[in-house]
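Student: This is the structure I have questions about; it appears just below.
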Amino acid sequence: AVLGAAAPAVQLLMHNADRMRGLERVESWLREPPVRSEAERAKTWDFLGIRYAQLDRWERSAEAMAQAAALAPSPRVLLQWASAEQTRGNDRAAQGAYRRLLTIAPGEARGWYGLAFVSWRLGDLKECRRAAEGLLRLRPGDRQVLQILDQVTRADSARVEAGR
């Protein structure tokens, strides 16, 4: 009788201990009928994005955060999405997410810094300068921001020299 009761309980615990299958079940819950409310979907995609990031599954995290941002584009969600894209190496998508973040939260210093960083890596010096100047408005005299602007100026000069 004890084994008859313990076996199903242990099976249930083992089944629910598999993280990836559990997260896949959550995604299925989102996609299958009945259609969930927009708020439920946004919160659940947000949860999935954070959970995938904790598991270093950056591609899945970025996809989930993009879904959450499409439904409820809060500054935190957009910052998480940009960070996930940046971490997985998709700087172009990160740049777009940072831009979108800064349209709704222009006082978000992490957004300006992130935009400057990914724009630098993309070789988009104009956008990098714009982001650094936005950051400088929030942090006047900040040495790190002044260094970024100096690097951009030197890189711009080098491009002009190479073009001659």
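The values are calculated or read from the model by the stated rules, or taken from the named source; none is laboratory data. Every value quoted in this text rests on a predicted model; they were computed, and no experiment measured them. A quick note on method: Cβ atoms are made from the backbone with ideal geometry, for glycine too, and the neighbour counts reach across all protein chains shown. The area values use the complete protein model at the heavy-atom level, side chains included, leaving out ligands, DNA and RNA. Shrake-Rupley method; radii C 1.70, N 1.55, O 1.52, S 1.80 Å.
Student: I want to verify a result. In a Gaussian network model of the chain, Cα cutoff 10 Å, which of these has the top mean-square fluctuation: ALA42, ALA62, ALA70?
Tutor: Of ALA42, ALA62, ALA70, the Gaussian network model singles out ALA70 as fluctuating most.
Student: For the chain, set up a Gaussian network in which alpha carbons nearer than 10 Å are linked by springs, and say which option among ASP56, ASP91, ASP142 fluctuates the most.
Tutor: Greatest mean-square fluctuation among the candidates belongs to ASP142.
Student: If you average 1/r over every pair of different alpha-carbon atoms in the stretch 1-92 and take one over that average, what Kirkwood value in Å do you get?
Tutor: Every distinct Cα pair counted, the radius reaches 14.5 Å.
Student: Roll a 1.4 Å probe over the protein chains and send me the accessible area per residue for the chain in Å².
Tutor: It amounts to 61 Å² per residue over the chain.
Student: Report the FRET efficiency, 1/(1 + (r/R0)^6), for ASP142 and GLU59, where r is their Cβ-Cβ distance and R0 is 30 Å, rounded to 0.05.
Tutor: 0.35
Student: How much length is gained if the chain between MET20 and ILE104 is pulled fully straight, taking 0.36 nm per residue apart and subtracting their Cα-Cα distance, in nm to one decimal?
Tutor: My answer for the length gained is 26.9 nm.
Student: Okay, moving on. Return one quarter of the surface area of the convex hull spanned by the alpha-carbon atoms of the chain, equal to its mean projected area, in nm².
Tutor: Dividing the Cα hull surface by four gives the mean projection, 13.6 nm².
Student: Pairs of alpha-carbon atoms within less than 8 angstrom and 6+ residues apart define the contacts here; what relative contact order does the chain have, in percent?
Tutor: 11 percent
Student: Whole number please: convex hull volume per residue, Cα atoms of the stretch 42-92, in Å³.
Tutor: Output value, Cα hull per residue: 56 Å³.
Student: Roughly to the nearest percent, how much of the accessible area of the stretch 25-82 is carbon and sulfur, given a 1.4 Å probe?
Tutor: Here it works out to 54 percent.
Student: Using θ = phi - 60° and the Karplus relation 6.51 cos²θ - 1.76 cosθ + 1.60, list the HN-Hα couplings for the stretch 154-164 in order, rounded to whole Hz, with x at every Gly or Pro.
Tutor: Result, ordered by residue: 5, 5, 4, 4, 5, 5, 5, 5, 5, x, 7 Hz.
Student: Moving on. Can you figure out the FRET efficiency of THR87 with VAL10, using R₀ = 35 Å and their beta-carbon distance, to the nearest 0.05?
Tutor: E between THR87 and VAL10, to the nearest 0.05, is 0.40.
Student: Shifting gears a bit: Taking the chain as a Gaussian network, Cα atoms linked when under 10 Å apart, which of THR44, THR87, THR103 shows the biggest mean-square fluctuation?
Tutor: Of the options given, THR103 has the highest mean-square fluctuation.
Student: Shifting gears a bit: What distance in nm separates the two pseudo spin-label positions at ALA72 and SER37, each 7 Å out from Cα along the beta-carbon direction?
Tutor: Modelled inter-label distance: 1.0 nm.
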